[in-house]
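Take a look at the structure below.
Only the coordinates and a few stated rules stand behind these numbers; no lab work does. The structure displayed is predicted, hence computed values, not measured ones. When we count neighbours, we look across all protein chains shown, and the Cβ atoms used for this are built from the backbone with ideal geometry, even at glycine.
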C-alpha cells in the first residue's frame, strides 16, 4: 500500500505490519494514534475490526481528528481535552470504519499467539535453511495448514515473509559496511545464492544492491 501526503491508514490489533521508504530525499512526518484493544473492546465492542471509510467526507473528518492529536501533543493540552478527543475519534471509527465483528474470540486469540510464535521462530532462524515443511513440522502443522494460516494472519505467504526478513538483515549490514561482499552478505543471512539476493533486492527497492550502495540509498526501515 503506497501512502501519499495526507493519507492515513488503520492497523488492527494483532496485524503484523511494516513501513519503508527508499529515496534518500524522502521525508516522513506523521502521527500515530495507538489505542489498546481492551479500551476498544469496552467502548466499541469485543472483536471489532476496522477498515478505511467508504466515503471521502468521513475520511477527511478522521484525518482532521488525527491532526488534532498531533496539535494537542505539541501544545500540551490538558488530559480532559485529550480524552474528549479520544472519544470523538472512537465515535468516528464506530460510525464509519467498522467492517467486521469477529466471532469465536478465543480461537482468534489462539491463532494470533501461534502465528507470533512462528514469526519469532523465523526471525531467530532466518539464517538457516528454512522451508515451509520444516517450520510446519516444528510446530506440528501440515505445510498446507501453515501456509493458509500464515497468509491469513500475516497478509503475505511464508516465503515472501522469510525473504523479506533475510533482505532487511542484509540491508542493515550494507548500511554499516559499504564495502561488504554481496555474496558473503547474502549467504550469511540465509539466501541460497547471490542471484536470489539480487533479484529480491531489485524487486523491493527497484535497483541492484551495488547501485543502492553507490547512490547512497540508506533507506531507513521500520519493521514490526
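The table for this structure:
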| read-out | value |
| --- | --- |
| Mean Cβ count within 10 Å, highest first, over the residues of peptides 171-183, 57-69 | 57-69, 171-183 |
| Distance (nanometres) between label positions extended 7 Å along Cα→Cβ at residue 199 and residue 121 | 2.6 nm |
| Radius of gyration and maximum dimension Dmax of the range 31-101, Cα, Å | 12.5, 36 |
| Where the Cα pairs of the range 104-219 fall when distances are cut into 5 Å bins, in % | 2, 11, 21, 20, 15, 12, 9, 6, 3, 1, 0 |
